[in-house]
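The structure under discussion appears below in the form of structure tokens.
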């Protein structure tokens, strides 16, 4: 059974992704859908959402980040699956809410595969996950954590916009109907590489030791006491 705190964490991931997606859609609808404004809007949306919800779920808000943290054993498999499901549900909900509020169908962007799109989205996922890993291993909290990751989102999506729509988040890509395997696989691969590159090349020995010390210990299996011979 899920405890209240675990359900709250899943709900936080759902809410965070929905907020990022709705802000991206709102900025695009406003007519100022330039990459700079889109990246700024999503970064600010993350900043606010993380300040509200980071202590509940860790404010991952991105399947690429969750997968990267899972690959470095910072997130358990069960939690990772629950988070990713909630993140995609949040993106889908934002899509539905946009349609309801505007009374307009959200047009699907025609996706033509190009390696530049895959590489651009991979870069976005890499930069975002690298920023998250740096914040986690340096034990940033509150505004420091939120600002660090928001800056990574701004930089990553702005660079990616040179070759793609600059999303870097498969759940948000679903919500804005930029759905293709390049927009899914690119950030996921980038997330794994970015997280582990920071861990193995940039994290200090002290940071790694503290992270290991804080990891939940495995419960020891108690062996039954041997019976005394009468």
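Each value in this text was obtained by applying a stated rule to the coordinates, not by laboratory testing. Keep in mind that this is a model prediction, so the values were computed, not measured. A quick note on method: Cβ atoms are made from the backbone with ideal geometry, for glycine too, and the neighbour counts reach across all protein chains shown.
What's the exposure ranking of 121, 139, 13, going from fewest to most Cβ atoms within 10 Å? Spell out each step's value before the answer.
Working: 121 34, 139 12, 13 30.
Lowest to highest Cβ neighbour count: 139, 13, 121.
Peptides 197-205, 24-32 ranked from most to least packed give 24-32, 197-205, packing being the mean of other C-beta atoms within 10 angstrom over each peptide's residues. When 100, 137, 36, 83 are sorted by how many other C-beta atoms sit within 10 angstrom of their C-beta, beginning with the fewest, the order is 100, 36, 137, 83.
Each label point was placed 7 Å from the Cα along the Cα-to-Cβ direction; for residue 52 and residue 177 their separation is 2.6 nm. Think of it as helices only: each DSSP H run of n ≥ 4 in the chain is worth -39500 (n - 2.57), and spread over all residues that comes to -23500 deg cm²/dmol at 222 nm. For the pair region 23-55 / region 71-86, the C-alpha centres are spaced 24 Å from each other. With 32 Å as the cut-off, how large is the P(r) tail for region 4-214, expressed as percent of Cα-Cα pairs? For region 4-214, the share of Cα pairs beyond 32 Å comes to 11 percent.
Contact order normalised by length for the chain, with contacts defined as Cα pairs under 8 Å and 6 or more residues apart; what percent is it?
On the way: 376 pairs, mean separation 62.6, N = 230.
Averaging sequence separation for qualifying contacts and normalising by length gives 27 percent for the chain.
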